[in-house]
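Peer 1: One structure coming up, written as structure tokens, with questions to follow.
The values are calculated or read from the model by the stated rules, or taken from the named source; none is laboratory data. These numbers come from a predicted model, not from an experiment. Please note: Cβ atoms are built from the backbone with ideal geometry, for glycine as well, and neighbour counts cover all protein chains shown. SASA here: full protein model, heavy atoms, side chains in, ligands and nucleic acids out. Shrake-Rupley method; radii C 1.70, N 1.55, O 1.52, S 1.80 Å.
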There are 4 protein chains.
Amino acid sequence: MFHVSITIIPLGVGTSISHYVAKAVEIIEEAGYKPVIGPAETSFEIPSLEELGRILRKIHDTLHAMGVQRIVTTVMIDDRRDKYQPLKAKVEKVRFLKETIPKQPVGVI
Amino acid sequence: MFHVSITIIPLGVGTSISHYVAKAVEIIEEAGYKPVIGPAETSFEIPSLEELGRILRKIHDTLHAMGVQRIVTTVMIDDRRDKYQPLKAKVEKVRFLKETIPKQPVGVI
Amino acid sequence: MFHVSITIIPLGVGTSISHYVAKAVEIIEEAGYKPVIGPAETSFEIPSLEELGRILRKIHDTLHAMGVQRIVTTVMIDDRRDKYQPLKAKVEKVRFLKETIPKQPVGVI
Amino acid sequence: MFHVSITIIPLGVGTSISHYVAKAVEIIEEAGYKPVIGPAETSFEIPSLEELGRILRKIHDTLHAMGVQRIVTTVMIDDRRDKYQPLKAKVEKVRFLKETIPKQPVGVI
């Protein structure tokens, strides 16, 4: 499984873009994935990069059909093959480590 | 207020990096901000871009003191001045819009 | 045509990664595209997002075969449909505009 | 020295944004840096992350003074402390390695 994180920026449709982001999230859900919506991006797990290409195409085509003439999309792919880690586990692990790391700073300003 | 979203990738320290991400999140909290931890990035609001520079410096210096020789950090800044929107409101708005958008697809393949 | 810009970060293979970046660039070229190598990313034009998915898969699979256990790849897609602009034209246009914009600052600190 | 790579996306000003990108590049140059303009981003070397914060602030304030109400800026920072590598050397090294890597594929589909 690949962890992917997507940020979609439609240009030329004003400063409010959440309507388009909501449509993209809907497309991801309808394809059977479980998007985690964040303030700057939407994350989900996907079985292949070809499938990622198809999802991206569907999102772009749909937004263009909604009237968007230019879209800048940023995708971050995390492809880890030494062990499987569910998407949710990452956040939980960071939270856990944050609680348990020594309170002493590492000698930095 | 600026919405920022940070992804930190330490190189040369193996494939597990959450220990370093946890330290970065701790630094953000200790500086008085409220990080929202996501699977691919950590988001927070910050009053100025100079202050962002200082936080980034503190994170990089601390990770280097922990032994990291190379760090690639990606930062996304969302600077909106036509209206103030809290960080959390963005996620809520996307969720709300997703529920209310017409179920009919927009005529796309 | 889609403009894409790719940054590949292999984890767990030390701090020098250009060997892997070179392999990725070679894969892009062998697929028939014309990569423009920059200090932080490699850009090229591609006819479809499905094809982008295939290229990304080939790059990731090749790097894994070279021994990389974790790869973080960032992709920026610029999909403009109101007019066709060659990849090179973007850089030329910015350079041209920079020479012709009025030397007076816009009243900012 | 830090290698930074910046992509600036002004929202609500139409689909053509190179005018704003040109202004940002001009600001980077006037601050004494040597930007390398690419199709998707502009790269340069900078001595500190605080200084990066100041440059980003100047760019955002200037674009707002030009009428932009929302700006999404992506910054990638490459902070390597085990050796100094000039920005240009990275591209040259990738090109060199690409020519010298064995022509045999690494056994991948």
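Peer 1: Probe radius 1.4 Å, ligands and nucleic acids left out: can you give me the accessible area buried at the B-D interface, summed over both chains, in Å² to the nearest hundred?
Peer 2: Numbers: alone 7930 and 7930 Å², together 13460 Å².
When B and D are taken together, about 2400 Å² of accessible area is lost.
Peer 1: Starting from the Cα of C:Lys90, draw a straight line to each of the aspartates and glutamates and keep only those under 17 Å, dropping any in the same chain fewer than 8 residues away.
Peer 2: Within the straight-line limit of under 17 Å, C:Lys90 reaches these aspartates and glutamates: C:Glu41, C:Glu45, C:Asp78, C:Asp79, C:Asp82, C:Glu99, D:Glu26, D:Glu41.
Peer 1: Which order do C:Glu92, C:Glu29, C:Glu45 take by accessible area at a 1.4 Å probe, largest first? Walk me through the numbers before you get to the answer.
Peer 2: Details: C:Glu92 110, C:Glu29 80, C:Glu45 40 Å².
Most to least solvent-accessible, the answer reads C:Glu92, C:Glu29, C:Glu45.
Peer 1: Can you give the helix-only mean residue ellipticity at 222 nm for chain A, where every DSSP H stretch with n ≥ 4 adds -39500 (n - 2.57) and the sum goes over all residues, rounded to the nearest 500 deg cm²/dmol? List each step's numbers first, then the result.
Peer 2: Working: 3 runs with 44 residues, N = 109.
Mean residue ellipticity, 222 nm, calculated: -13000 deg cm²/dmol.
Peer 1: Moving on. Per residue, how many Å² of accessible area does region B:2-83 show with a 1.4 Å probe? Write out the running numbers ahead of the final one.
Peer 2: Working: 2440 Å² over 82 residues.
Result: 30 Å² of accessible area for each residue.
Peer 1: Tell me the Rg and the Dmax, in Å, that the Cα atoms of region B:25-89 produce.
Peer 2: When restricted to the Cα atoms of region B:25-89, Rg and Dmax are 13.0, 43 Å.
Peer 1: Over the alpha carbons of chain A, what is the largest minus smallest coordinate on each principal axis, giving the biggest first in Å?
Peer 2: Between the extreme Cα coordinates on each principal axis of chain A lie 54, 33, 18 Å.
Peer 1: Considering only protein heavy atoms and a probe of 1.4 Å, how much of the accessible area of region D:48-91 is carbon and sulfur, as a whole percent? Don't skip to the end; give the middle numbers.
Peer 2: Working: 800 of 1560 Å².
Its accessible area is 52 percent carbon and sulfur atoms.
Peer 1: Another one. Using protein chains only and a probe of 1.4 angstrom, how many square angstrom of A:Met1 are accessible, to the nearest 10?
Peer 2: So the heavy atoms of A:Met1 present about 110 Å² to solvent.
Peer 1: Counting only other chains, what is the mean number of Cβ atoms within 10 angstrom of the Cβ of each residue in peptide D:51-61?
Peer 2: Values: counts 3, 7, 11, 4, 2, 9, 10, 4, 3, 7, 6.
Taking all residues of D:51-61 together, the mean is 6.
Peer 1: Explain nothing, just the number: relative contact order of chain B, from Cα pairs under 8 Å at least 6 residues apart, as a whole percent.
Peer 2: On the way: 110 pairs, mean separation 43.3, N = 109.
Dividing the mean separation by the residue count of chain B yields 40 percent.
Peer 1: To one decimal in nm, how far is A:Ala31 from the same spot in the other copies, if labels go 7 Å from Cα toward Cβ? Please give the shortest first.
Peer 2: 1.6, 3.4, 3.7
Peer 1: Working with all protein chains in place, sort C:Tyr84, D:Tyr20 by solvent-accessible area computed with a 1.4 Å probe, largest first.
Peer 2: Details: C:Tyr84 135, D:Tyr20 35 Å².
Order by accessible area, largest first: C:Tyr84, D:Tyr20.
Peer 1: Would you give the gap between the C-alpha center of region B:45-74 and the C-alpha center of region D:32-58, rounded to a whole Å?
Peer 2: Answer, in whole Å: 16.
Peer 1: Now a separate question. For peptide C:83-91, how many partner chain Cβ atoms fall within 10 Å of a residue's Cβ, on average?
Peer 2: Working: counts 4, 0, 3, 1, 3, 1, 2, 6, 8.
Partner-chain Cβ atoms within 10 Å, mean over residues of C:83-91: 3.
Peer 1: With chain C rotated onto chain A, spot the residue of C whose Cβ lies nearest the axis and note the distance in whole Å.
Peer 2: C:Gly53, 1
Peer 1: What is the average number of partner chain Cβ atoms found within 10 Å of a Cβ in C:16-29?
Peer 2: Working: counts 8, 5, 11, 6, 2, 6, 9, 6, 2, 5, 7, 2, 0, 1.
Other-chain Cβ atoms within 10 Å of each residue's Cβ, averaged: 5.
Peer 1: Give me the net charge for the shell around B:Pro86: Cβ to Cβ below 14 angstrom, other residues only, Lys and Arg +1, Asp and Glu -1. Could the numbers behind the result be given before it?
Peer 2: Details: positive: B:Lys34, B:Arg80, B:Lys83, B:Lys88, B:Lys90, B:Lys93; negative: B:Glu45, B:Asp78, B:Glu92.
Within the 14 Å Cβ shell, the charges total +3.
Peer 1: Roughly how many Å² of D:His19 are accessible to a 1.4 Å probe, to the nearest 10?
Peer 2: Accessible area of D:His19: about 80 Å².
Peer 1: Let me ask something else. Sorting A:Arg81, D:Arg80 by accessible area (1.4 Å probe), largest first, what list results?
Peer 2: Details: A:Arg81 100, D:Arg80 35 Å².
Listed by decreasing accessible area, they come as A:Arg81, D:Arg80.
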